[in-house]
Amino acid sequence: MPETDPDDRHGRTHRLELADQSLRAWDASVVDSTAAPDEPGIVLDRSAFYPGGGGQPPDHGVLLWGGVQTRIVGVRKGDDLVLVPHEEDPVPPPGTRVRGAVEDARRSMLMRTHSGLHLLCGVVFRDYGALVTGGNMEPGTARMDFGLDQVPPDFKAQVEQACNVEVAADRRIEVSLLPRSEAFAIPDIVRTATNLVPPEVELVRIVDIAGLDTQADGGTHVASTRQVGRLEVAKVESKGRGFRRVRLRVTDP
Ligand SMILES: [Zn+2]
(Lines give C-alpha, C1' and ligand atoms only; values in the text may rest on other atoms or scores of the structure.)
Protein backbone atom coordinates (compact mmCIF):
# COMPACT_ATOMS: atom_id res chain seq x y z
CA MET A 1 0.00 0.00 0.00
CA PRO A 2 -0.82 2.44 -1.27
CA GLU A 3 -1.90 0.76 -4.47
CA THR A 4 -1.91 2.39 -7.85
CA ASP A 5 -5.25 3.49 -9.15
CA PRO A 6 -5.65 3.88 -12.91
CA ASP A 7 -7.85 6.82 -11.98
CA ASP A 8 -4.89 8.68 -10.46
CA ARG A 9 -5.14 10.91 -13.51
CA HIS A 10 -6.78 14.19 -14.22
CA GLY A 11 -6.81 14.92 -17.95
CA ARG A 12 -3.22 14.61 -19.15
CA THR A 13 -1.73 14.73 -15.65
CA HIS A 14 -0.76 11.73 -13.53
CA ARG A 15 -1.51 12.76 -9.94
CA LEU A 16 1.44 11.55 -7.88
CA GLU A 17 0.24 12.84 -4.49
CA LEU A 18 -2.62 10.33 -4.36
CA ALA A 19 -0.27 7.36 -4.06
CA ASP A 20 2.46 9.16 -2.09
CA GLN A 21 1.34 11.91 0.27
CA SER A 22 4.92 12.47 1.43
CA LEU A 23 6.25 13.32 -2.04
CA ARG A 24 7.53 16.92 -2.20
CA ALA A 25 9.79 17.03 -5.32
CA TRP A 26 9.68 15.26 -8.68
CA ASP A 27 10.63 15.56 -12.37
CA ALA A 28 8.04 16.32 -15.01
CA SER A 29 7.46 17.57 -18.54
CA VAL A 30 5.27 20.45 -19.58
CA VAL A 31 2.59 19.02 -21.89
CA ASP A 32 0.80 22.33 -22.39
CA SER A 33 1.11 25.92 -21.29
CA THR A 34 -0.07 29.41 -22.01
CA ALA A 35 1.50 32.69 -21.02
CA ALA A 36 -1.66 34.68 -21.83
CA PRO A 37 -1.62 37.49 -19.25
CA ASP A 38 -5.29 37.09 -18.29
CA GLU A 39 -5.10 33.32 -17.76
CA PRO A 40 -1.58 31.89 -17.64
CA GLY A 41 -1.40 28.17 -16.96
CA ILE A 42 0.79 25.07 -17.08
CA VAL A 43 -0.17 21.40 -17.55
CA LEU A 44 2.38 18.79 -16.42
CA ASP A 45 2.53 15.08 -17.30
CA ARG A 46 3.17 14.32 -13.62
CA SER A 47 2.23 16.47 -10.65
CA ALA A 48 2.17 16.13 -6.86
CA PHE A 49 0.38 19.47 -6.36
CA TYR A 50 -2.85 18.68 -4.51
CA PRO A 51 -5.37 20.54 -6.67
CA GLY A 52 -7.84 21.27 -3.88
CA GLY A 53 -11.09 19.53 -3.05
CA GLY A 54 -13.04 18.05 -0.15
CA GLY A 55 -12.46 21.25 1.81
CA GLN A 56 -8.66 21.08 1.46
CA PRO A 57 -7.20 24.06 -0.44
CA PRO A 58 -4.65 23.58 -3.24
CA ASP A 59 -0.90 23.34 -2.71
CA HIS A 60 1.59 26.05 -3.45
CA GLY A 61 5.12 25.43 -4.72
CA VAL A 62 7.59 25.98 -7.55
CA LEU A 63 8.71 24.68 -10.91
CA LEU A 64 12.46 24.92 -11.53
CA TRP A 65 13.66 24.95 -15.13
CA GLY A 66 16.40 26.50 -17.25
CA GLY A 67 17.83 28.33 -14.26
CA VAL A 68 14.60 30.09 -13.38
CA GLN A 69 11.83 29.52 -10.91
CA THR A 70 8.09 29.66 -11.53
CA ARG A 71 6.01 29.95 -8.40
CA ILE A 72 2.74 27.96 -8.44
CA VAL A 73 -0.02 29.75 -6.55
CA GLY A 74 -3.13 27.77 -7.46
CA VAL A 75 -4.81 25.26 -9.75
CA ARG A 76 -7.67 25.51 -12.24
CA LYS A 77 -9.61 22.27 -12.55
CA GLY A 78 -11.24 21.56 -15.90
CA ASP A 79 -10.54 18.87 -18.49
CA ASP A 80 -6.94 19.27 -17.33
CA LEU A 81 -5.29 20.26 -14.07
CA VAL A 82 -3.90 23.67 -14.95
CA LEU A 83 -1.26 24.99 -12.56
CA VAL A 84 -1.52 28.74 -12.08
CA PRO A 85 1.84 30.53 -12.02
CA HIS A 86 2.56 33.70 -10.05
CA GLU A 87 1.79 36.62 -12.38
CA GLU A 88 5.37 37.93 -12.28
CA ASP A 89 7.00 34.59 -13.12
CA PRO A 90 7.98 33.09 -16.51
CA VAL A 91 5.86 30.28 -18.02
CA PRO A 92 7.82 27.23 -19.30
CA PRO A 93 6.92 26.36 -22.93
CA PRO A 94 5.50 22.90 -23.84
CA GLY A 95 8.21 20.24 -23.88
CA THR A 96 10.24 21.85 -21.08
CA ARG A 97 11.64 19.47 -18.46
CA VAL A 98 10.96 20.88 -15.02
CA ARG A 99 11.61 19.98 -11.40
CA GLY A 100 8.43 20.42 -9.40
CA ALA A 101 8.35 21.03 -5.66
CA VAL A 102 5.45 21.39 -3.25
CA GLU A 103 5.84 24.01 -0.50
CA ASP A 104 6.28 21.71 2.48
CA ALA A 105 5.22 23.99 5.35
CA ARG A 106 1.80 24.71 3.85
CA ARG A 107 1.09 21.14 2.69
CA SER A 108 2.30 19.49 5.88
CA MET A 109 0.13 21.81 7.98
CA LEU A 110 -2.84 21.09 5.67
CA MET A 111 -2.26 17.34 6.11
CA ARG A 112 -2.23 17.79 9.90
CA THR A 113 -5.31 20.03 9.80
CA HIS A 114 -7.22 17.70 7.46
CA SER A 115 -6.37 14.66 9.60
CA GLY A 116 -7.40 16.63 12.70
CA LEU A 117 -10.82 17.18 11.14
CA HIS A 118 -11.24 13.42 10.65
CA LEU A 119 -10.34 12.95 14.28
CA LEU A 120 -12.90 15.55 15.36
CA CYS A 121 -15.52 13.96 13.12
CA GLY A 122 -14.83 10.52 14.63
CA VAL A 123 -14.87 11.78 18.22
CA VAL A 124 -18.11 13.80 17.86
CA PHE A 125 -19.86 10.87 16.18
CA ARG A 126 -18.64 8.36 18.77
CA ASP A 127 -19.41 10.53 21.83
CA TYR A 128 -22.49 12.49 20.65
CA GLY A 129 -23.82 10.56 17.65
CA ALA A 130 -23.66 13.68 15.49
CA LEU A 131 -23.14 13.73 11.74
CA VAL A 132 -21.01 16.20 9.82
CA THR A 133 -22.93 18.60 7.58
CA GLY A 134 -20.05 20.70 6.25
CA GLY A 135 -16.52 21.90 6.81
CA ASN A 136 -13.57 23.87 5.55
CA MET A 137 -9.89 24.37 6.33
CA GLU A 138 -6.88 26.61 5.97
CA PRO A 139 -3.40 25.61 7.13
CA GLY A 140 -3.71 25.30 10.92
CA THR A 141 -7.35 26.34 11.26
CA ALA A 142 -10.58 24.64 10.32
CA ARG A 143 -14.28 24.52 10.97
CA MET A 144 -16.66 21.61 10.94
CA ASP A 145 -20.44 21.75 11.14
CA PHE A 146 -22.48 19.13 12.97
CA GLY A 147 -26.15 18.33 13.21
CA LEU A 148 -26.45 18.32 16.99
CA ASP A 149 -29.49 19.41 18.99
CA GLN A 150 -28.28 19.43 22.56
CA VAL A 151 -24.75 19.94 23.80
CA PRO A 152 -23.63 19.64 27.42
CA PRO A 153 -22.24 22.85 29.00
CA ASP A 154 -18.67 21.56 28.82
CA PHE A 155 -18.97 20.26 25.24
CA LYS A 156 -16.03 22.40 24.02
CA ALA A 157 -13.63 21.17 26.72
CA GLN A 158 -14.83 17.56 26.46
CA VAL A 159 -14.35 17.41 22.70
CA GLU A 160 -10.92 19.00 22.90
CA GLN A 161 -9.80 16.56 25.56
CA ALA A 162 -11.19 13.53 23.69
CA CYS A 163 -9.47 14.66 20.48
CA ASN A 164 -6.11 14.98 22.20
CA VAL A 165 -6.52 11.55 23.79
CA GLU A 166 -6.86 10.19 20.25
CA VAL A 167 -3.79 12.17 19.12
CA ALA A 168 -1.78 10.63 21.97
CA ALA A 169 -3.10 7.15 21.09
CA ASP A 170 -1.11 7.48 17.85
CA ARG A 171 -3.67 5.64 15.75
CA ARG A 172 -2.60 4.71 12.24
CA ILE A 173 -4.20 6.62 9.37
CA GLU A 174 -4.35 4.38 6.32
CA VAL A 175 -5.38 5.01 2.73
CA SER A 176 -6.71 2.16 0.63
CA LEU A 177 -8.69 1.59 -2.53
CA LEU A 178 -11.83 -0.51 -2.49
CA PRO A 179 -14.29 -1.55 -5.17
CA ARG A 180 -17.39 0.61 -4.90
CA SER A 181 -19.66 -2.19 -3.65
CA GLU A 182 -17.22 -3.07 -0.84
CA ALA A 183 -16.68 0.56 0.14
CA PHE A 184 -20.38 1.25 0.50
CA ALA A 185 -20.84 -1.85 2.63
CA ILE A 186 -18.84 -0.08 5.39
CA PRO A 187 -21.36 1.60 7.73
CA ASP A 188 -19.06 4.59 8.38
CA ILE A 189 -18.84 5.35 4.67
CA VAL A 190 -22.59 5.53 4.48
CA ARG A 191 -22.85 7.89 7.44
CA THR A 192 -20.44 10.46 6.02
CA ALA A 193 -23.04 11.28 3.45
CA THR A 194 -21.51 14.68 2.67
CA ASN A 195 -18.78 12.90 0.69
CA LEU A 196 -20.78 11.86 -2.33
CA VAL A 197 -18.79 9.70 -4.69
CA PRO A 198 -19.74 10.12 -8.38
CA PRO A 199 -21.40 6.98 -9.85
CA GLU A 200 -18.66 6.46 -12.49
CA VAL A 201 -15.99 6.00 -9.81
CA GLU A 202 -15.29 2.25 -9.56
CA LEU A 203 -12.49 2.29 -7.01
CA VAL A 204 -13.17 4.36 -3.91
CA ARG A 205 -10.31 5.84 -1.92
CA ILE A 206 -10.86 5.16 1.77
CA VAL A 207 -9.11 7.01 4.58
CA ASP A 208 -9.25 5.05 7.81
CA ILE A 209 -8.20 6.17 11.29
CA ALA A 210 -8.00 2.75 12.93
CA GLY A 211 -10.91 2.32 15.31
CA LEU A 212 -12.18 5.90 15.04
CA ASP A 213 -13.22 7.16 11.63
CA THR A 214 -13.53 5.86 8.07
CA GLN A 215 -14.32 8.10 5.13
CA ALA A 216 -14.31 8.13 1.36
CA ASP A 217 -11.79 10.87 0.72
CA GLY A 218 -9.38 12.23 -1.89
CA GLY A 219 -7.35 14.60 0.31
CA THR A 220 -3.92 14.27 1.90
CA HIS A 221 -3.38 13.07 5.46
CA VAL A 222 -0.59 12.36 7.93
CA ALA A 223 0.27 8.71 8.67
CA SER A 224 -0.78 8.58 12.31
CA THR A 225 -2.79 10.73 14.72
CA ARG A 226 0.23 11.77 16.80
CA GLN A 227 1.56 13.62 13.74
CA VAL A 228 -1.44 15.96 13.90
CA GLY A 229 0.13 17.70 16.90
CA ARG A 230 -2.21 19.37 19.35
CA LEU A 231 -5.86 20.10 18.66
CA GLU A 232 -7.56 23.07 20.23
CA VAL A 233 -11.29 23.65 20.03
CA ALA A 234 -11.18 27.42 19.62
CA LYS A 235 -14.91 28.00 19.56
CA VAL A 236 -18.29 26.27 19.37
CA GLU A 237 -20.99 28.34 17.71
CA SER A 238 -24.69 27.71 17.56
CA LYS A 239 -25.85 28.53 14.05
CA GLY A 240 -29.52 27.75 14.53
CA ARG A 241 -31.62 24.79 15.53
CA GLY A 242 -29.46 21.66 15.74
CA PHE A 243 -26.57 23.29 13.88
CA ARG A 244 -23.24 23.59 15.74
CA ARG A 245 -20.06 24.92 14.19
CA VAL A 246 -16.81 23.75 15.81
CA ARG A 247 -13.72 25.85 15.13
CA LEU A 248 -10.45 23.96 15.42
CA ARG A 249 -6.83 25.06 15.71
CA VAL A 250 -3.85 22.79 15.11
CA THR A 251 -0.74 23.65 17.07
CA ASP A 252 2.60 22.05 17.84
CA PRO A 253 2.58 19.74 20.85
ZN1 LIG B 1 -9.78 13.54 4.59
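The values are calculated or read from the model by the stated rules, or taken from the named source; none is laboratory data. Because the structure is predicted, anything quoted here is derived from the model rather than measured. Don't worry about glycine lacking a Cβ; one is built from the backbone with ideal geometry, like all the others, and counts go over all protein chains shown. Areas reflect the complete protein model, heavy atoms only, side chains present, ligands, DNA and RNA absent. Shrake-Rupley method; radii C 1.70, N 1.55, O 1.52, S 1.80 Å.
Among the residues of the range 242-249, is there at least one that is closer than 27 Å to V102 by Cα, within 16 Å of the ligand (Cβ to nearest atom) and surrounded by 15 or more Cβ atoms within 10 Å (Cβ to Cβ)? Within the range 242-249, one or more residues are closer than 27 Å to V102 by Cα, within 16 Å of the ligand (Cβ to nearest atom) and surrounded by 15 or more Cβ atoms within 10 Å (Cβ to Cβ). Of the helices (runs of 4 or more DSSP H) entirely within the range 80-194, those holding at least 2 residues that are open to solvent by 10 Å² or more (accessible area, probe 1.4 Å) and modelled with pLDDT under 90 occupy 180-183, 187-191. Taking the range 61-79 as the range and being assigned to a strand (DSSP E or B) and open to solvent by 80 Å² or more (accessible area, probe 1.4 Å) as the test, the residues that pass are Q69, R71, K77. Considering the range 204-219, the residues that are within 16 Å of the ligand (Cβ to nearest atom) and more than 25 Å from R15 (Cβ to Cβ) include one that is surrounded by the most Cβ atoms within 10 Å (Cβ to Cβ), namely L212. Just so you know, in the range 44-60 the residues that are open to solvent by 10 Å² or more (accessible area, probe 1.4 Å) and assigned to a strand (DSSP E or B) include one that is nearest to the ligand (Cβ to nearest atom), and it is G53. You will find that of V222, V201, V236, the residue that is part of a strand (DSSP E or B) and either open to solvent by 40 Å² or more (accessible area, probe 1.4 Å) or touching a helix residue (DSSP H, G or I) at 6+ places or on another chain (Cβ under 8 Å) (or both) is V236 and no other. Of the residues in the range 19-40, none is in contact (Cβ under 8 Å) with a residue 24 or more places away in the chain, in contact with a strand residue (DSSP E or B) (Cβ under 7 Å, 6 or more places away or on another chain) and within 16 Å of the ligand (Cβ to nearest atom).
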